[in-house]
Amino acid sequence: MPTFQEFLTETAAFVPSNAAGAFASPLKLSLGGYRKEEDGLLYEVGAAGVLWSSTVNGTQALMGAYYSTELNGYPVSRSGGGSIRCIKE
């Protein structure tokens, strides 16, 4: 899995810088949503793409998220769920 910085480098090339650009990229990233730790249910399937990075901080990991209008990363508990996309080194 990419580090959070590698994820940012990859997603910086998305044109446009949103979900359409994520799908148009060579990675073909989709809007898989995410699984909440509190209830185990899936959220925002088809509306948000959330990817794990390999960057961790204690009990939290950094996820990168792309939405229809923004691209960002944020720390979340590792007991939640997101998509995984490997990159070739």
Take the residues in the range 49-89 that are surrounded by 15 or more Cβ atoms within 10 Å (Cβ to Cβ), at pLDDT below 75 and hydroxyl-bearing (Ser, Thr, Tyr); name whichever of them is farthest from the chain's Cα centre (by Cα). Tyr67
In the set Glu10, Glu37, which member is surrounded by fewer than 17 Cβ atoms within 10 Å (Cβ to Cβ), among the charged types (D, E, K, R) and either within 22 Å of Ala61 (Cβ to Cβ) or in contact with a helix residue (DSSP H, G or I) (Cβ under 7 Å, 6 or more places away or on another chain) (or both)? Glu37
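What tally of residues in the range 1-17 results from selecting those that are closer than 22 Å to Ser79 by Cα and part of a loop (DSSP other than H, G, I, E, B)? Break it down into steps so the answer makes sense when it comes.
Restricting attention to the range 1-17, the residues satisfying the condition of being closer than 22 Å to Ser79 by Cα are 1-5, 7.
In the following step, the residues that additionally are part of a loop (DSSP other than H, G, I, E, B) were identified as 1-3.
Within the range 1-17, residues that are closer than 22 Å to Ser79 by Cα and part of a loop (DSSP other than H, G, I, E, B) number 3.
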In the list Ala61, Ala20, which residue meets the criterion of being in a strand (DSSP E or B) and farther than 18 Å from Lys88 by Cα? Ala61
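The values are calculated or read from the model by the stated rules, or taken from the named source; none is laboratory data. Worth saying up front: this structure is predicted, and the values here are computed from it rather than measured. Cβ coordinates were reconstructed from backbone atoms using ideal geometry, including for glycine residues, and neighbour counts include every protein chain displayed.
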